Amino acid sequence: MKIVVLAGGRSTERNVSLSSGLNVANALRQKGHQVAFVDLFLGQELASDADIDALFTTAQTGPSAPISDEVLTDEKINSLRTDGTIGLFGKNVLKICQHADIVYMGLHGEDGENGKVQAVLDLFDIRYTGSGTLASGVAMNKKVSKEIMLQNHISTAPFVTAYRDENEIPSVPFDYPVVVKPSSGGSSVGTHIVRDPADLEDAVLDAFRFDYEVLIEKYIKGREFSLGIVNERPMPGIEIVVHDGWYDFKHKFQANNTTEFITPPAIDDALHDEMKKVALKTFHVLGMQNYGRIDFLLDDTGMYVIEANTLPGMTPLSLLPQEAAVVNISYADLCDQIVLGKWKLYEQNEVH
């Protein structure tokens, strides 16, 4: 197949996306596909349309660079484009995507996972991996997705919502500590664990840098798990154990000796099976397709879904590839299965 791996973009997770995308591109080339790696935001200069075919290659590129822990602002990202143009789609991006059989969505963060890019590709009849427009938008918005979970009897942490334009912070109806997070963020950017009510306002104001809507959740002290789903098949769960602090941006994407990943997790089979059932139910009620990841917290009172991820990370430290490896699915095979699984849905007219 001819595949565009679309990565980068302009979200706060741009650097994570570039790392994921480069790894995916090389993996798909290893499987024999012709792959063009395209930065959604920066695009590609072309002397003529004839140059597009040259972008698709089976030749491997160098490994991705380590992911910086710098929080990218809009100003910093916008400064990367020097041609004076505006908008999310860089030069010739759509034209290149139209030359592909399918686009692998290597994007992360708001402008990659919230359904906007998916909607544009839909309008141009361009096939792509992952969930569709509606499910992407629903899952990206933590407030909306949590409300849908609760309506479907899926346990999730109690929460209240703060809005930037209301100029006041809602009262918190549960005990401290609490978790403050942007409603449509990811990779723990702008997320804080607040233990003292006096620190709540500062945490909310910082989260407002990334979103107009901010969640204040009850903090659930427990074990943290994640469980991926690929083409309706639940992967083995993975437990994330952080020995210094919590699973923040640095622990997710930078190599360290203080984060331990245990898969399959050290829980009894019945609980593991229940986690798989809840993950698949969450996947379905949110309308997700092809692949995704559901994150959990487990304490003495039960199992809680933290959130759903429609485009899980595919960096060297990401969770889904580790889970797949336990059932003998290599990184390259995982990427290939994602592409072929979504292609099958298109061929069966089951994409939504």
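The values are calculated or read from the model by the stated rules, or taken from the named source; none is laboratory data. Just so you know, these numbers come straight off a predicted model, no measurement behind them. Positions of Cβ are backbone-derived with ideal geometry, glycine not excepted, and every protein chain shown enters the neighbour counts. Surface accessibility is based on the protein's heavy atoms, side chains included, excluding ligands, DNA and RNA. Shrake-Rupley method; radii C 1.70, N 1.55, O 1.52, S 1.80 Å.
Magnitude of the charge dipole for the range 221-349, about its Cα centre and with charges confined to Cβ atoms of Lys, Arg (+1) and Asp, Glu (-1), is about 380 debye. Accessible area per residue (1.4 Å probe, heavy atoms of protein chains only) ranks SER19, SER171 as SER171, SER19, with the largest value leading. Kirkwood analysis of the Cα pair distances in the chain returns a hydrodynamic radius of 20.7 Å. Indicate the gyration tensor shape class of the range 177-223 (rounded, prolate or oblate), computed on the Cα atoms with a ≥ b ≥ c the square roots of the eigenvalues: a/c under 1.5 is rounded; otherwise a/b larger than b/c is prolate and the rest oblate. The shape class here is oblate. Accessible area per residue for the range 158-218, computed on protein heavy atoms with a 1.4 Å probe, is 49 Å². The mean accessible area for residues of the range 2-128, using a 1.4 Å probe and ignoring ligands and nucleic acids, is 44 Å² per residue. For the chain, carbon and sulfur atoms together expose 50% of the accessible surface, with a 1.4 angstrom probe and every protein chain in place.
The lysines whose alpha-carbon is closer than 26 Å to the alpha-carbon of LYS277, local same-chain residues fewer than 8 away aside, are LYS142, LYS143, LYS146, LYS218, LYS221, LYS252, LYS342, LYS344. Running a GNM on the chain with Cα contacts under 10 Å, which residue among SER79, SER131, SER226 ends up with the highest mean-square fluctuation? Checking each option, the largest mean-square fluctuation is seen for SER79. Taking Lys and Arg as +1 and Asp and Glu as -1, the other residues whose beta-carbon sits under 9 Å from that of VAL35 total +2. Under the combined filter of DSSP loop state and at most 16 neighbouring Cβ atoms within 10 Å, the range 321-352 retains these GluC sites (Glu not before Pro): GLU350.
Excluding the sites themselves, what is the longest stretch of the chain that contains no chymotrypsin sites (Phe, Trp or Tyr not before Pro) in a DSSP loop with at most 14 other C-beta atoms within 10 Å? Longest run free of exposed loop sites: 1-123.
According to the square roots a ≥ b ≥ c of the eigenvalues of the Cα gyration tensor, what is the shape class of the range 105-146, taking rounded for a/c under 1.5, prolate for a/b larger than b/c otherwise, and oblate for the remainder? Prolate shape, in that a/c is at least 1.5 and a/b is the bigger ratio. Couplings 3J(HN,Hα) for the range 262-272, derived from phi with the Karplus relation 6.51 cos²θ - 1.76 cosθ + 1.60 (θ = phi - 60°), are 10, 9, x, x, 7, 10, 5, 4, 5, 5, 4 Hz, where x marks Gly and Pro. For the range 282-334 and the range 6-48, what is the separation of their C-alpha centers, rounded to whole Å? Here the answer is 22 Å between Cα centres.
Please build a GNM for the chain, connecting alpha carbons under 10 Å apart, and tell me which residue among THR85, THR133, THR259 fluctuates the most. With Cα springs under 10 Å in the chain, the top fluctuation among THR85, THR133, THR259 is at THR85.
Using the Cβ of ILE229 as centre and a radius below 11 Å, the other residues enclosed give a net charge of +2, where K and R count +1 and D and E count -1.
Using the Karplus relation 6.51 cos²θ - 1.76 cosθ + 1.60 with θ = phi - 60°, the per-residue 3J(HN,Hα) values for the range 16-28 come to 5, 4, 4, 5, 4, x, 5, 5, 5, 4, 5, 5, 5 Hz, with x marking Gly and Pro. What is the antiparallel percent of DSSP beta bridges lying wholly in the chain, to the nearest 5? Bridges in the chain are about 75 percent antiparallel.
Quick one: if the Förster radius is 22 Å, what FRET efficiency do ASP122 and SER79 give, using the C-beta to C-beta distance and rounding to 0.05? Taking R0 as 22 Å, the efficiency between ASP122 and SER79 is 0.15. Charge tally around ASN78: other residues with Cβ under 13 Å, Lys/Arg +1 each, Asp/Glu -1 each, net 0. Averaging the sequence gap over all C-alpha pairs within less than 8 Å and six or more residues apart, then dividing by the number of residues, gives the range 2-128 a relative contact order of 39 percent.
Placing +1 on each Lys and Arg Cβ and -1 on each Asp and Glu Cβ, with no other charges, gives the chain a dipole about its Cα centre of roughly 800 debye. Given +1 at the Cβ of Lys and Arg, -1 at the Cβ of Asp and Glu and no other charges, the dipole of the range 1-59 around its Cα centre is 300 debye to the nearest 20.
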